[in-house]
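What follows is a set of notes on a single structure, which appears directly below.
The values are calculated or read from the model by the stated rules, or taken from the named source; none is laboratory data. Predicted model only: the values in this text are computed from it and were never measured. Please note: Cβ atoms are built from the backbone with ideal geometry, for glycine as well, and neighbour counts cover all protein chains shown. To get the accessible areas, we keep the full protein, side chains included, count just its heavy atoms, and leave off ligands, DNA and RNA. Shrake-Rupley method; radii C 1.70, N 1.55, O 1.52, S 1.80 Å.
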Amino acid sequence: MKEPFAMTSKAPFVAALALLAGLAPRPGLAEGSVRQVTDPVAKEECSACHMAYQPAFLPAESWKKIFADLSNHFGEDASLDPKTEARIRNYYLRHAARWRSIPKPVPIRITELPWFTREHTRFAARAKQDPKIGSLSNCTACHRYAERGWFEND
Amino acid sequence: MKHVHDTGASVARSLSGPILGTLMLTAAAVSLALPVSAGPREQIIAGYAAKAGKPLSAARGKAFFMGTHKGGKPDTPSCTSCHTRNVHQWGRTRAGKPIAPMAVSKTPDRFTDPKKVEKWFRRNCRTVLGRECTPLEKGDVLTWLSSQ
């Protein structure tokens, strides 16, 4: 990715262009990196089935939707006891991305965001075929330092 | 895996006398099939045996684990969907993350944290069967996997 993700002073203009081009706003990523998950409970619980996705990839609206139905989480039961759930939910909401506008329907997948599909179209087929990857949601299969929040080509 | 290892002791501490007595009696009852020392795993299994009210069976546990079930989520009709049919090997989640072998001989700290065991039985049984597992099913499965 050549251009940084961070919004500049030209942001409104860029955002308007992006909307015209049918692209949703970009996440608050700077130079291909995001803040890593620092809460130990969130890290432990949300990394059992996939890496713990960083909250900065999605806005609070998305995380609210995800945490509203952990028992039906992408075809699986990922439910937590209420106390743990509240703690992790708060963490995700506090560190969520701040987008200028929230697309409808509210996205719940990072892998379906326009910037993501743009970056990854060439790898979608490979991800499905290669049993070592299995799914584009498996960030760590291709981004060695994904859990630390580093996604630059390595 | 970095889970607490002294939970067995804290469970024992927090249990009142009569319950602990029952547990220990049950542990004694199933001790033919279990190692002599009642570590956290043995206590978890003994707890299920006590609730089930009948002897646990490794053979039944294996059949349950290997079997194809109805009522759950379509992509995962069996425990083997993620844990594979060879419990000595690594499994894989649907998102591609490796899962350590379920066989205790391969992953010695399996089934030693009662909270973790209950959490995953709750989730995985709902995912595979669309309901929670019974104490008998849980006890059978752990009895089998402990012997592997």
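List of remarks:
- Consider segment A:95-119 and keep the residues that are basic (Lys, Arg) and in contact (Cβ under 8 Å) with a residue 24 or more places away in the chain. The one that is least open to solvent (accessible area, probe 1.4 Å) is A:Arg109.
- Hits in segment A:53-105 (condition: closer than 27 Å to B:Gly130 by Cβ, among the aliphatic types (A, V, I, L, M) and assigned to a loop (DSSP other than H, G, I, E, B)): A:Ala78, A:Leu80
- In this structure, A:Pro131 qualifies as at pLDDT below 95 and out of contact with any Lys or Arg (no Cβ under 6 Å at 6 or more places or on another chain).
- Note on segment B:76-95: residues that are open to solvent by less than 40 Å² (accessible area, probe 1.4 Å) and over 19 Å from the mean Cα position of the chain (by Cα) total 1.
Residues are listed down the side, and each one gets a yes or a no for (1) touching a helix residue (DSSP H, G or I) at 6+ places or on another chain (Cβ under 9 Å); (2) within 14 Å of chain B (Cβ to nearest Cβ):
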position	(1), (2)
A:Ser47	yes, yes
A:Tyr53	yes, yes
A:Ala60	yes, no
A:Lys64	yes, no
A:Phe67	yes, no
A:Pro82	no, yes
A:Arg94	yes, no
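- Against the test of being within 30 Å of B:Cys125 (Cβ to Cβ) and assigned by TED's automatic domain parsing to the domain that holds A:Thr38, the options A:Ala86, A:Ala125, A:Ala60 yield a single qualifying residue, A:Ala86.
- Close pairs (8 angstrom Cβ cut-off, 6 or more residues apart or separate chains): within 8 Å of chain B (Cβ to nearest Cβ) in segment A:120-135, open to solvent by 70 Å² or more (accessible area, probe 1.4 Å) and part of a helix (DSSP H, G or I) anywhere: A:Ile133/A:Arg126; A:Gly134/A:Lys128; A:Ser135/A:Lys128
- Residue match in segment B:100-112 (condition: open to solvent by 40 Å² or more (accessible area, probe 1.4 Å) and at pLDDT below 95): no
- Counted residues, segment B:45-75 - those being buried (at least 18 other Cβ atoms within 10 Å of the Cβ) and either within 14 Å of another protein chain (Cβ to nearest Cβ) or at positive phi (or both): 2
- Residue within segment B:131-148 that is free of Cβ contacts under 8 Å to residues at least 40 places away in the same chain, surrounded by fewer than 17 Cβ atoms within 10 Å (Cβ to Cβ), of a type outside the set (D, E, K, R) and over 23 Å from A:His73 (Cα atoms) present: no
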